[in-house]
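Colleague: Here it is: the structure, laid out below.
Just so you know, all these numbers are worked out from the coordinates, no wet-lab data involved. Computed from a predicted model, the values in this text were never measured in an experiment. Counting neighbours? That spans all protein chains shown, and the Cβs are built from the backbone with ideal geometry, glycine included.
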Amino acid sequence: MAMDKAVKKAFIRYTEKKYPDEAERIIKKADELFPELYAKAPDIGGSENLMAYNLDMFIVAISFYEASDHRMDNRMIPYCCFFCPQGFFLFLRVSYCLLFLF
């Protein structure tokens with residue numbers, strides 16, 4: 001259930017850059033929201049299902065989106081991908097999931 005560290009780190013960098021005055025509050029709220037959202041997520045097979053990682057990344061994205069009071073926009077995707085070691089694959093996964101959000 002741990003937040004994917006690389007993805008979370010990328011969202012933290014984006015938050016600190018875009019919302020410097022509120023970054024601490026947003027990050028703290030995202031940390032609080034993640035377990036709640038994770039508990040509500042459907043069971044899709046865990047580690048046996050390769051798509052489960054996509055759901056985990058989507059929950060991280062939604063945690064930060066909700067914590068920012070819906071102010072994060074689709075510009076966060078390329079920014080976060082640039083700073084994330086998974087780079088291009090993260091871009092594809094998260095942008096696909098966020099298509100339904102924006």
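Colleague: What ³J(HN,Hα) values, in whole Hz, does the Karplus curve 6.51 cos²θ - 1.76 cosθ + 1.60 give for the range 24-30 when θ = phi - 60°, with x put for Gly and Pro?
Modeller: For the range 24-30, the Karplus curve yields 4, 5, 5, 5, 4, 5, 4 Hz.
Colleague: Follow-up question, since we're still on this one. How would you rank 34-46, 60-72, 11-23, highest first, on the average number of other Cβ atoms within 10 Å across their residues? Don't jump to the answer; show the numbers that get you there.
Modeller: Numbers: 34-46: 11.5, 60-72: 19.7, 11-23: 16.5.
Answer by packing, highest mean first, reads 60-72, 11-23, 34-46.
Colleague: Another question about this same structure. Using the Karplus curve 6.51 cos²θ - 1.76 cosθ + 1.60 with θ = phi - 60°, what ³J(HN,Hα) values do you get for each residue of the range 32-45, in whole Hz, with x for Gly and Pro?
Modeller: Per residue, the Karplus-derived 3J(HN,Hα) values read 6, 6, 3, x, 5, 5, 4, 5, 7, 5, x, 7, 10, x Hz.
Colleague: Within the range 5-37, whose backbone N sits under 13 Å from a point 7 Å along Cα→Cβ of Tyr79?
Modeller: Residues 10-23 qualify, since their backbone N sits under 13 Å from the label point.
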